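One structure is given here, and the rest of the page talks about it.
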Amino acid sequence: MKNNGNSNYGKLFYAVILTERECNFGPVGLDDKIVHSINYKGVGALVSDYPRVDSIKLLRKNLASYHQVVKKASEHFTTIPAKFGQIARDAGEVDIALRKNYQTIQKELARFDGKVEMGLKISWDVEDVFEYFIGKDDKLRILRNKLMNGNKPPNQSDLINFGHYFHERMDQARKQITETTLAVLPSGEARTEDIHEDKMVTNATLLIEKDLLNQLENTIEKLSVSMGSEYSLKLDGPWPPFSFVDRLELHLER
């Protein structure tokens, strides 16, 4: 594909896809440029014409176009997103980069082929998680009672130490519940994410074969019943498995 006959135009890199055929996505790229593939042995680099500048501004319109291309690609192909803002001098440089990085790209595309990302969140579904946890944890309850039933009010240091211990016991419970839950899910990869709410127990992303989605949903339903009304289990997705990939860099020659 030509670059408008202008040597000041290079190829802006969006993603790599698993495909045997050349693709044309139409004018969906930055500045409404046509996005097409440069192919090598079953792999395609999605690119569009773009001025050969040192960097692209992180403007909303630019990021929106980049994400639109990646989303569109992931709806039809196994996709690895590229690091935003990479511009090759021309199609030839993209081809060279594909060849040099081919084994790594092929391995990663094979890893994600036929798989999707799912989100799993488990929470304590109780009105007051502090009182709930005190009632469930004998060590915490005994320590709390010693603090509150003494001859004098607890000092600030004792309260701070109790707070630290309380969260330590909560984290231990989170870890145990998360490990037990992930162990019974269908085979795949799992990553645990940061916890941002006191009531949250598990915040995980799963990489799983599409063919195992029904099995995953059935397993979560059974867990929801067995864990009881004190817990809320929520499964989200499927999404492209972007949480499990690093944004691709073609290590373009300069």
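The values are calculated or read from the model by the stated rules, or taken from the named source; none is laboratory data. Bear in mind the structure is a predicted one, so any value in this text is a computation, not a measurement. As a convention, Cβ positions derive from the backbone with ideal geometry for all residues, glycine included, and neighbour counts pool all protein chains shown. Calculation scope for accessible area: heavy atoms of the full protein, side chains included, ligands and nucleic acids excluded. Shrake-Rupley method; radii C 1.70, N 1.55, O 1.52, S 1.80 Å.
Taking segment 18-105 as the region of interest, what is the percent of Cα-Cα pairs per 10 angstrom bin, listed from the shortest bin to the one with the maximum distance?
16, 53, 29, 2
Could you tell me what percent of the accessible area of segment 203-254 is made up of carbon and sulfur, with a 1.4 Å probe and every protein chain present?
Carbon with sulfur: 44 percent of the solvent-accessible area.
Hey, any idea what % of segment 1-134's accessible area is carbon plus sulfur with a 1.4 Å probe?
Using a 1.4 Å probe with all protein chains present, segment 1-134 comes out at 47 percent carbon and sulfur.
Considering only Cα-Cα distances, which of the following residue pairs are longer than 30 Å: K72/K210; K199/K222; K83/K199; K71/K199? Don't skip to the end; give the middle numbers.
Values: K72/K210 19 Å; K199/K222 21 Å; K83/K199 35 Å; K71/K199 32 Å.
Where the Cα-Cα span goes over 30 Å, the pairs concerned are K83/K199; K71/K199.
To the nearest Å, what is the center-to-center distance of segment 10-61 and segment 68-94, using C-alpha atoms only?
Measuring centre to centre over Cα atoms gives 5 Å.
How big is the convex hull of the Cα atoms of the chain, per residue, in Å³?
Details: hull volume 43.8 nm³, N = 254.
Roughly 172 Å³ of hull volume per residue.
How much accessible area per residue does the chain have, in Å², with a 1.4 Å probe? Display every interim value, and only then the final one.
Values: 14960 Å² over 254 residues.
On a per-residue basis, the chain sits at 59 Å².
Enter the Cα centre distance for the pair segment 179-220 and segment 144-160, rounded to the nearest angstrom.
39 Å
Could you tell me which of L212, T192, P238 has its Cα farthest along the dipole of segment 108-254 towards the positive end, charges placed at Cβ (Lys, Arg +1; Asp, Glu -1), taken about the Cα centre?
Checked the options; the winner is T192.
Select from segment 11-103 those GluC sites (Glu not before Pro) which occupy a DSSP coil region and have at most 15 other Cβ atoms within 10 Å, ordered by residue number.
Numbers: sites: E20, E22, E75, E93; in loops: E20, E22.
Counting only loop positions with at most 15 other Cβ atoms within 10 Å, the GluC sites (Glu not before Pro) in segment 11-103 are E20, E22.
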